[in-house]
Structures are given as C-alpha cells and as structure tokens.
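Asks: Here it is, the structure, as structure tokens.
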Amino acid sequence: MRLLHISDLHAGRTLFKVSRNQDLLYALNQIVELCKEEKPHVVLIAGDIFDKANPDNESKEIIFEFFLQLKELTHATVAVSGNHDSYDFMKSIKPLAKLAKVYIYDRPDKHNFLFSLGELSVACLPYPSERIISSADEESKKSYAEKVGDFLNYLAQRSGGAKFKVLLSHLFVAGSAYTRTEREASVSSHYAVEPAQLPMDFNYIALGHVHRHQRIEGAATQAYYTGSLFQLDFSEEGQKKFVNLIELREGEPAKVEPVELSLRNPLHLRVVEQGEVEAIVARMEGLQGLLKLVVEVRDKAGLNIFSQRLREALGDKLIKVEYLIPDRRDVHGEKITGRRLNLTELYGKFYEREHNARLPEEVAREFSRLLSVAEHNPSD
Ligand SMILES: [Mn+2]
C-alpha cells in the first residue's frame, strides 16, 4: 500500500500583496507528475488547503483542477480542514469533491471520522479548534492539549481492524527543535499536544500545520509534518520543501521517503547600504525568486530617487523595501525626529544604545526575519 502525504497548500496566499498561486501551481504540477510515476493508492492532504476562509475564485479553480487530476491518478484522496480553512466552506464543497474521489473531513466529529479503502483505514482529525474541542467535552476541566489527546485516543480505539491504520490531522505537536520560529509566532504551549499523546496504534501519522518538513521526535510511531509546498514568507527563507511517499507493508515499520519539491520563487531577504544602485543590483542579479531589501539609509534626501531606480532595475522580483535610518543629530546635537520610525529602525537605535555599536547585518537580518513572521501571523 502506497500513500502520498502533502500539506499546507495555502491556495490564495499573498506576500506583500503579491499572489503566490503561481508558486502553488508549480508545486502541484510536480505532485501530479509524482503521482504518475509512483502511483500512490491514496493521497493524504493534511489541511490548510486554502489560505483564507472565503477563497477567491482563482484559488478554487486551482484546487478543483488539482482534485480532478488526482482523480485519474489515485484511488482516493483524503483531506482534512486546517486552521486556515473554514469548516463550513470545506463542508460546502464535500459533495462535489466526492465526485473527484476526494473525501473531505471538514471538522472534528466523533461519529464521522473514518475513511476506509480495502486494507487501509484513515482516522481523520481536522484542526481541533478550541471551541469544538471544549463543546465535545464540556464537563471536563482538562486543558486543551489533554482534550485533544483524549480525542486522538478515541479515534485510535475506534479505527477498526484494518491491516494498515493511518491518522490524518492538522494540529500542533510540541517538542520539535526545528519549529521554534513557527511556534513562537503562531502557537502557544497551550495548544501543544505532546508527542507521547500521539497514539501508537497507527502505522503512520500524517500531520499538517507546521511549515517545516520534519519527523516528530518522541512519538511512538512514525509521525511527520511534510510542511508547506513553497516558502510562504521570509521566515521560511532557505527552507527546502517536501512531500512524503509512504510504503506500508504488513509487519514492517512504514517506509517513508521525503521527496523534495523544486521552488518557483525562493525568497531572499537582504540588508544593503544605500549607495550605488548599480552595485546593489549587480549583487542581486543572480538571485532567482522574490526579494525583500532592508536599506540602511545614508542620504535621506536621495532616498526617493534611490528606491525608484532600485525598483526599476529589479522589477517584479523586488516585492518589499524597508528602510533602516541611523540616528541623526542637528548642529546642536539634538536628535532629528521626523516621521514615526518603523520597528526595524527602532530596534537599530535600541541596539546602538545598548551595545554602543552599529547593528550588525546578521542581527538586522534576523530581526527583520522575525518581524516578518510576526507580520504574517499566523503563517502556520
Ligand atoms: Mn499552514
């Protein structure tokens, strides 16, 4: 039995008002080709299919077209809602999706959670919102994470006697060393389910929510986040993207093979000093993808012309320019204050005051990266 696990498609995602649907299409085409070659019996989609609760028409077209392509290549696709998906919207597309052999589980449901196909059963836990989890277990004073743990056990106990059992869910599991930025930005420890709470009854656990590909350490069975299909924002700069091929054989642990996706637009964040536009452009020329520049301002008066020329030279590749203005004083040594400073500038000033040194490029870069995580919250 062969499965393909993908997650976090985020159709309709934008970055500084630039649509990322071409990046998504580029990934989906690779997934379709992979299905042609590897012929998985079932495709698992672990949530965040759409980026917004009310998806735009283009995004719906892309997803429905993808579903139709999968219909020809697999026996079935099983999908759960993520925290970005609207339960009601996902419910509304269920009947038509079924015609494409895509079986959607729109919200946590103790009666309707099990997908079965031959030797395989898939227990589905769509994103367990706090509201739904509390109403399912009103009496209990347990924490959110404990209630989700109970829900998982309930599903494990009722997943029947199929030869191969898989859990498909969109939730946050604590304890991975590789998810710090995502976790700090978008999920608190309150929402973190411990790896030990993942039931051992499953041959494989297909997860969505965290955008970096990783295996869950400390889980009793093989549990993976496959992560987003393309770099969603600058916090994911440098990250490679994957989907998982899974081979299930009786009496053996699942064989998991991550398959790397190529990226249409890798993201790049660079800090540059205001100076010769041509020199900066030359440094950026080799970069394929989308670029955000943080400019250390040297000549405020020339800034307009500078950024205009920068935009002309770099074109659509440049999607955001931020300015870092150093502390300036007038002839009496008084600070010149003009417009309100942005956060990067404020941090630069803070750093200068604390360390009596100019903000180093690496630190500025890291600050800008963290800021971009916060601005695009919740990116998971
Ligand atoms: Mn997501």
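The values are calculated or read from the model by the stated rules, or taken from the named source; none is laboratory data. The model shown is predicted, which means the values in this text are computed figures rather than measured ones. Positions of Cβ are generated from backbone atoms using ideal geometry, with glycine treated the same way; all protein chains shown enter the neighbour counts. Side chains included, ligands, DNA and RNA excluded: accessible areas come from the protein's heavy atoms. Shrake-Rupley method; radii C 1.70, N 1.55, O 1.52, S 1.80 Å.
Asks: Report the antiparallel proportion of the DSSP beta bridges in the range 2-261 as a percent, rounded to a multiple of 5.
Replies: Numbers: 19 of 47 bridges.
Around 40 percent of the beta bridges assigned by DSSP in the range 2-261 are antiparallel ones.
Asks: Would you mind getting me the FRET efficiency between residue 356 and residue 278? Use the beta-carbon distance for r and R0 = 30 Å, nearest 0.05.
Replies: On the way: r = 34 Å, r/R0 = 1.13.
Using R0 = 30 Å, I get an efficiency of 0.35.
Asks: I would also like to ask the following. Given R₀ = 25 Å, what would the calculated FRET efficiency be for residue 257 paired with residue 220, taking r from the Cβ atoms and rounding to 0.05? Walk me through the numbers before you get to the answer.
Replies: Working: r = 21 Å, r/R0 = 0.85.
Using R0 = 25 Å, I get an efficiency of 0.75.
Asks: Using the reciprocal of the averaged 1/r over all distinct C-alpha pairs, how large is the Kirkwood radius of the range 88-167 in Å? Kindly include the intermediate steps, with their values, before the conclusion.
Replies: On the way: mean 1/r = 0.0727 Å⁻¹.
Hydrodynamic radius (Kirkwood, Cα only) of the range 88-167 equals 13.8 Å.
Asks: Shifting gears a bit: Using the C-alpha gyration tensor of the range 1-68, what are the square roots of 5 times its eigenvalues, in whole angstrom, with the largest one first? Kindly include the intermediate steps, with their values, before the conclusion.
Replies: Numbers: eigenvalues 108, 28, 21 Å².
Result for the range 1-68: semi-axes of 23, 12, 10 Å.
Asks: About the Cα centre of the chain, what is the dipole size in debye to 20, counting +1 per Lys and Arg Cβ and -1 per Asp and Glu Cβ, all else neutral? Kindly include the intermediate steps, with their values, before the conclusion.
Replies: Values: 50 positive and 56 negative charges, 65 e Å.
Around 320 debye, computed over the chain.
Asks: Let me ask another. So if the hydrodynamic radius of the chain is defined as the Kirkwood radius over C-alpha pairs, what does Stokes-Einstein give as its diffusion coefficient at 37 °C and 0.692 mPa s, in µm² per second?
Replies: On the way: Rh = 22.5 Å.
Result for D is 146 µm²/s.
Asks: Could you give the accessible area per residue of the chain, probe 1.4 Å, as a whole number in Å²? Mind dumping the intermediate values first?
Replies: Numbers: 17810 Å² over 380 residues.
Accessible area per residue: 47 Å².
Asks: Moving to a separate point now. P(r) for the range 1-160, please, calculated from all Cα pair distances in 5 Å bins and given in %.
Replies: Per 5 Å bin, starting at 0, the Cα pair percentages come out as 2, 9, 17, 20, 19, 14, 10, 6, 2, 0, 0.
Asks: With a 10 Å cut-off between alpha carbons and a GNM built on the chain, which of 317, 240, 163 moves the most?
Replies: 163
Asks: Show me the three semi-axes of the equivalent ellipsoid for the range 230-306, from the C-alpha gyration tensor (sqrt of 5 times each eigenvalue), largest first, rounded to whole Å. Write out the running numbers ahead of the final one.
Replies: Working: eigenvalues 384, 24, 12 Å².
Over the Cα atoms of the range 230-306, the ellipsoid semi-axes are 44, 11, 8 Å.
Asks: Computing the accessible area with a 1.4 Å probe over protein heavy atoms, can you report the carbon and sulfur percentage for the chain?
Replies: Numbers: 8610 of 17810 Å².
It is 48 percent, rounded to a whole number.
Asks: Using amide H atoms built 1.01 Å from N in the peptide plane, name the residues 5+ places from residue 13, or on other chains, whose amide H lies under 5 Å from its own.
Replies: 20, 51
Asks: Farthest toward the dipole's positive end in the range 128-174, which of 157, 143, 132, given Cβ charges of +1 (Lys, Arg) and -1 (Asp, Glu) about the Cα centre?
Replies: Of the listed residues, the answer is 157.
Asks: Binning every alpha carbon pair distance of the range 185-280 at 10 Å from zero, what are the percents per bin?
Replies: The distribution over the range 185-280 is 13, 34, 28, 14, 7, 4, 0, given as percents.
Asks: List the aspartates and glutamates whose alpha-carbon lies under 19 Å from that of residue 94, not counting same-chain residues fewer than 8 positions away?
Replies: Straight-line reach from residue 94, under 19 Å: 8, 48, 51, 56, 58, 61, 65, 72, 85, 106, 109.
Asks: Can you compute log10 of I(q)/I(0) for the range 202-334 with the Debye formula, treating each Cα as one identical point scatterer, at q = 0.14 Å⁻¹?
Replies: -0.74
Asks: Express in nm, to one decimal, how much length is gained between residue 153 and residue 129 on full extension, taking 0.36 nm for each residue of separation and deducting their alpha carbon distance. Before the final figure, lay out the partial values.
Replies: Numbers: separation 24, 0.36 × 24 = 8.64 nm, distance 1.73 nm.
Stretched out fully, the residue 153 to residue 129 stretch lengthens by 6.9 nm.
Asks: Using a cut-off of 22 Å between alpha-carbon atoms, which lysines can reach residue 141, once sequence neighbours fewer than 8 places away in the same chain are excluded?
Replies: 110
Asks: Taking +1 at the Cβ of each Lys and Arg and -1 at the Cβ of each Asp and Glu, which of 226, 191, 76 sits farthest along the dipole of the chain towards its positive end, judged by Cα position relative to the Cα centre?
Replies: Ranked along the dipole, the leading option is 76.
Asks: A further question follows. At 222 nm, what value in deg cm²/dmol follows for the chain if DSSP H runs of at least 4 each add -39500 (n - 2.57) and the sum is divided by all its residues, to the nearest 500?
Replies: Mean residue ellipticity, 222 nm, calculated: -10000 deg cm²/dmol.
Asks: What are the semi-axes of the equivalent ellipsoid for the range 3-42, taken as the square roots of 5 times the Cα gyration tensor eigenvalues, largest first, in whole Å?
Replies: Three semi-axes, in Å: 25, 10, 5.
Asks: Whenever you get a sec, line up 26, 191, 224 from highest to lowest accessible area (probe 1.4 Å, protein heavy atoms). Could you put the intermediate results ahead of the total?
Replies: Numbers: 26 95, 191 70, 224 25 Å².
I get 26, 191, 224, largest accessible area first.
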